[in-house]
Amino acid sequence: MQPKIGVTIGGFEFETCIFNASGPKDETLPLLERIAKSKASAITMKSCTLEPRVGNPEPRYVDLPGKSSINSMGLPNLGYKEYIKFAKTLKKKYKKPVIASICGMSLQDNVTMFQAFNNSAADIIEFNPGSPNTIGKPIVGYDIGEMDRSLAKLTKICKKPLGVKLPPYFDFVHFEGMAKVLQKYPVEYVSCINAIGNALVIDPKKEQPVIKPKGGFGGLGGRFIKYTALANVRKFYELVGNRIKIVGVGGIFTGVDVFEFILAGATAVQLGTVYMQEGPKCFARIQMELVSYMKKRGYDSLEDFRGKLKTLD
Ligand code: DHB
């Protein structure tokens, strides 16, 4: 018997626990259809804003040695109205959950977009208060009071299952503060983690940063952030896992990585840098690797080991 790796999020059936993270190669309908045709179990769209944006000057994404990446894309997107249309097309043509990601420049922008997506074909809304790359804008996810005000307003409006993409936290006090806020609202899942913000990668021969925007400061992704991602998944699982699902994202490149995230408490995982570097075939490969690792360990389903990280005694 094949191990079962399907999950339910927001009442929607996901054929596997592996799908794409918002961000890489998901800005246009052709790119979204590539994800739809792959083994990704859902289609997550690029974070959108009220108005279309061209994003930051290039170079703004660079692969780093060690299966990692730095980016300062600056939210290039076609504006939310296009993603409402894309959701309709994707739902008509493919049988997968469609996730809209909303990243407004202000709470008022988010209110407008949440209202509009209520009447869209998107199945789930992912609120993204964590982009580190918008010039002149703070990471809202690091302001607990502002998160409280945003969620109070947005959860009143939102009629769809709501996910929240969180930036990485590094201090237990911050985890606890955010957990307290999240517990006040009907949040279906949190996605941990967004890129580690404002890293600086330097090319020593050119004596320059490798990306142009913000003097070279950008979000770190891939392998370099896997252990921070696992820690965030684990901590939020401990703090809110009894009522909020955790979606793991950050440095997942293999089926064993997925296994580790589920063990830490994740319900599902999203793939970012690996999808950017390997393309849509990464979903089938990582799915196969997860299944074969589960077989090797004698597990029939994800529930057999989800959250069951052992202690050293
Ligand atoms: C961008 C980067 C992010 O990490 C994010 O959450 C949203 C947008 C960007 O630069 O486009």
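The table below gives the values:
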item	result
Sole residue being of a type in the set (A, V, I, L, M), open to solvent by 10 Å² or more (accessible area, probe 1.4 Å) and in a loop (DSSP other than H, G, I, E, B), chosen from L31, L50	L50
Qualifying residue in segment 276-286 (condition: out of contact with any Ser or Thr (no Cβ under 6 Å at 6 or more places or on another chain), of a type in the set (F, W, Y) and buried (at least 20 other Cβ atoms within 10 Å of the Cβ))	no
Qualifying position, being over 26 Å from D257 (Cβ atoms) and more than 16 Å from the ligand (Cβ to nearest atom), among V54, V111, V98	V111
Any chance Y293 is away from the ligand (no atom under 16 Å from the Cβ) and crowded, with 22+ Cβ neighbours inside 10 Å	no
Output for segment 103-116, where each listed residue is crowded, with 23+ Cβ neighbours inside 10 Å and of a type in the set (A, V, I, L, M, F, W, C)	C103, M113, F114
Members of segment 205-230 that are assigned to a helix (DSSP H, G or I) and open to solvent by 50 Å² or more (accessible area, probe 1.4 Å)	K214, G215, R223, F224, Y227
Residue within segment 185-194 that is in a helix (DSSP H, G or I), small (G, A, S), closer than 22 Å to F261 by Cβ and open to solvent by less than 20 Å² (accessible area, probe 1.4 Å) present	no
Breaking point among (1) among the aliphatic types (A, V, I, L, M); (2) more than 19 Å from N20 (Cα to Cα); (3) in contact with a strand residue (DSSP E or B) (Cβ under 7 Å, 6 or more places away or on another chain), for M294	(3)
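Per-residue answers, yes or no, for (1) of a type in the set (F, W, Y); (2) under 16 Å from K39 (Cβ atoms); (3) under 14 Å from the mean Cα position of the chain (by Cα):
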site: P213; (1), (2), (3): no, no, no
site: G216; (1), (2), (3): no, no, no
site: I225; (1), (2), (3): no, no, yes
site: N232; (1), (2), (3): no, no, yes
site: I252; (1), (2), (3): no, yes, yes
site: V256; (1), (2), (3): no, no, no
site: M276; (1), (2), (3): no, no, yes
site: Y293; (1), (2), (3): yes, no, no
site: K308; (1), (2), (3): no, no, no
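The values are calculated or read from the model by the stated rules, or taken from the named source; none is laboratory data. What you see is a predicted model; the values in this text were computed from it and never measured. For neighbour counting, all protein chains shown are included, and Cβ atoms are generated from backbone atoms with ideal geometry for every residue, glycine included. Ligands, DNA and RNA are excluded from the accessible area calculation, which covers all protein heavy atoms including side chains. Shrake-Rupley method; radii C 1.70, N 1.55, O 1.52, S 1.80 Å.
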